[in-house]
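Notes to accompany the following structure.
Derivation of every value follows stated rules applied to the coordinates shown; laboratory data play no part. Every value quoted in this text rests on a predicted model; they were computed, and no experiment measured them. We place every Cβ from the backbone using ideal geometry, glycine too, and count neighbours over all the protein chains shown.
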Amino acid sequence: MLEFSGVPYYRDLNDHTIRVRSDFRFPVLSLTDDEILGQAMATALMRTQGLDKSQGTAQTTRKLAATSGDKAKQLFEDAARLVAVLDLKLADHSRHHDAIKTVQLALVQGKQLTGNYESPYESSPVKLRLHPYRLCLIKNAWYIIARPVDEESPRTYRVARFKSIRMLDDSANVPQDFSLRDYFGNAWAAFRGTESHEVEVLFTPIAARVVTETVRHHTQSATTHKDGSVTLKFRVDGLEEITNWAMSWTGQIKVVQPAALRDRVVERLKAALAMNEE
């Protein structure tokens, strides 16, 4: 096989072995600088708490560096030393590596999942049997999109809430045309409401530059006014999640519409004042 592959070898009679000639170099991947930097960036990202669910990225980077030329190897080393990802404020999944790996394997092998799920809306853990559709990172946590075997539509489950989860031998039934974008629609984050709302909020000049540095939603549009304030508009399915976001800008945001969102924010503010005046 070595001869057929063009690898120069010789027999070492003293050690009774076959050796490859010392000056021969096996062919390696020809990576561009952009590809090396991209791999190094992915490795730095996957080391972040909350994303550190697998050692695969770091191991791949080490293997690529070990089999690359001197220039590429140095670029790998420099990128690893100089690039870091800090404080993404992701949910801590350090205790859920096995759960995430189980979900990945089930998705790849097309198998069902079963486990005990602890929801904040249930008094005790619920036993689930699921057809897993997707595993996705939304905002700051990992979620499983899956359909319970006794239901017709998929639901969203937070990985960290599974007390136990394992893969079954039974095949999963996943629609070929399933789309995450269609499933989430215009949800603000992970959970889609039943009603669609045209949202308009006005930010003070002090907050305007900061809030527009980030695209908050895929439907976002922004209008900057002469005084430096900015109006953001969104089309959102459900108000619960965007209410939480609006509250995080208290003192810097005015809800223009819809009235239902403005009422929610006012009620939350009144409740906060009542709690903190005692």
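Want the number for ASN276 to SER196: 0.36 nm per residue separation, take away the alpha-carbon distance, what's left?
Gain on stretching ASN276 to SER196: 25.5 nm.
What ranking of THR223, THR61 emerges when the number of other C-beta atoms within 10 Å of each C-beta is taken as an exposure proxy, fewest first?
Fewest-to-most ranking of THR223, THR61: THR223, THR61.
Apply 1/(1 + (r/R0)^6) to the Cβ-Cβ distance of SER248 and ARG25, taking R0 = 45 Å, and write down the FRET efficiency to the nearest 0.05.
Approximately 0.20, to the nearest 0.05.
Classify the range 97-184 as rounded, prolate or oblate, taking a ≥ b ≥ c as the square roots of the eigenvalues of its Cα gyration tensor: rounded when a/c is under 1.5, otherwise prolate if a/b is larger than b/c and oblate if not.
rounded
Quick check: the angle from helix 56-66's long axis to the longest principal axis of the chain, C-alpha only, nearest 10 degrees?
For 56-66 against the chain, the angle is about 40 degrees.
Using the Karplus curve 6.51 cos²θ - 1.76 cosθ + 1.60 with θ = phi - 60°, work out ³J(HN,Hα) for each residue of the range 12-20 in order, rounded to whole Hz, and write x for Gly and Pro.
9, 5, 5, 9, 6, 10, 10, 10, 7
Any chance you could give the angle, 0 to 90 degrees and rounded to 10, that helix 70-82 forms with the longest Cα principal axis of the chain?
30
Roughly how tilted is helix 97-109, in degrees to the nearest 10 and between 0 and 90, from the longest Cα axis of the chain?
That works out to roughly 80 degrees.
Where a ≥ b ≥ c are the square roots of the eigenvalues of the C-alpha gyration tensor, would you call the range 196-276 rounded, which needs a/c under 1.5, or, failing that, prolate if a/b is larger than b/c, or oblate?
Judged from the Cα gyration tensor, the range 196-276 comes out oblate (a/c at least 1.5, b/c at or above a/b).
Tell me, GLU240, GLU118 in order of fewest to most beta-carbon neighbours within 10 Å?
By the 10 Å Cβ count, ascending, the order reads GLU240, GLU118.
So, R0 is 25 Å and r is the distance between the beta-carbons of LYS71 and MET41; what FRET efficiency does that work out to, to 0.05?
Rounded to the nearest 0.05, the efficiency is 0.85.
Mean separation of Cα pairs under 8 Å and 6+ residues apart, divided by the residue count of the chain: what relative contact order is that in percent?
This gives 11 percent for the chain.
Near ASP150, within a Cβ-to-Cβ distance under 13 Å, what is the net charge of the other residues, with Lys and Arg +1 and Asp and Glu -1?
+2
What nm distance separates the two modelled labels at GLU267 and THR214, each placed 7 Å from Cα along Cα→Cβ?
Taking the two extended label points, one gets 2.6 nm.
To the nearest 20 debye, what is the magnitude of the charge dipole of the chain about its Cα centre, counting +1 on the Cβ of each Lys and Arg and -1 on the Cβ of each Asp and Glu?
260
Quote the relative contact order of the range 164-251 in percent (integer), defining contacts as alpha-carbon pairs under 8 Å separated by 6+ residues.
33
Straight-line reach only, C-alpha to C-alpha below 21 angstrom: list the lysines that LYS226 could link to, leaving out same-chain residues fewer than 8 apart.
LYS254
Say each of GLN59 and ALA84 gets a label point 7 Å from the Cα, pointing the same way as Cα to Cβ; how far apart are those two points in nm?
Roughly 2.6 nm, to one decimal.
Set the Förster distance to 45 Å, then compute FRET efficiency between THR224 and ARG155 from the Cβ-Cβ distance, nearest 0.05.
0.70
When a footprinting reagent is the concern and you count Cβ atoms within 10 Å, what order do LEU113, LEU86, LEU269, LEU232 take, fewest first?
LEU86, LEU269, LEU232, LEU113
May I ask which residue of PRO258, VAL201, ALA99 lies farthest towards the positive end of the charge dipole of the chain, with charges of +1 (Lys, Arg) and -1 (Asp, Glu) on Cβ and the Cα centre as origin?
It is ALA99.
If you work out Cα Rg over 2.2 N^0.38 Å from the coordinates, which of (1) 1.40; (2) 1.01; (3) 1.08 do you get?
The value matching this structure is (1).
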